[in-house]
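To start, the structure itself, in structure tokens.
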């Protein structure tokens, strides 16, 4: 026989309280207003003006930052692409297309290390 002091875990309703738990509770945050749509009974929650302004400002700043960064990246690619291409051509010329040094750039075995 179970003891009389048994309690359900936190978040579980006791027997008989289940009907009350099924009903949704109407809670509203203080920073949310409700606007009633004309000619209907529908209420739409709308945040305060400060929250909307903050969100809009953040979105605008992020768009400007993204566009600026993209523009700067494209400009830098335009500047550095010839430099990189010239470096790649010099490396390919030195090592050949297969990655090995060409005949004229290999030190001859007759010269030795001292030259």
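Just so you know, all these numbers are worked out from the coordinates, no wet-lab data involved. Note that this is a predicted model, so its numbers are computed, not measured. Counting neighbours? That spans all protein chains shown, and the Cβs are built from the backbone with ideal geometry, glycine included.
Segment residue 43..residue 64, full-extension length gain: 4.1 nm, with 0.36 nm per residue of separation and the alpha-carbon distance subtracted. Given their separation in residues at 0.36 nm each and the Cα-Cα distance between them, residue 31 and residue 81 gain 12.8 nm when the chain is fully extended.
The stretch between residue 88 and residue 74 holds 3.0 nm of extra length on full extension. This uses 0.36 nm per residue minus the Cα-Cα distance. Neighbour counts of C-beta atoms inside 10 Å place 95, 73 in the sequence 73, 95, starting with the fewest.
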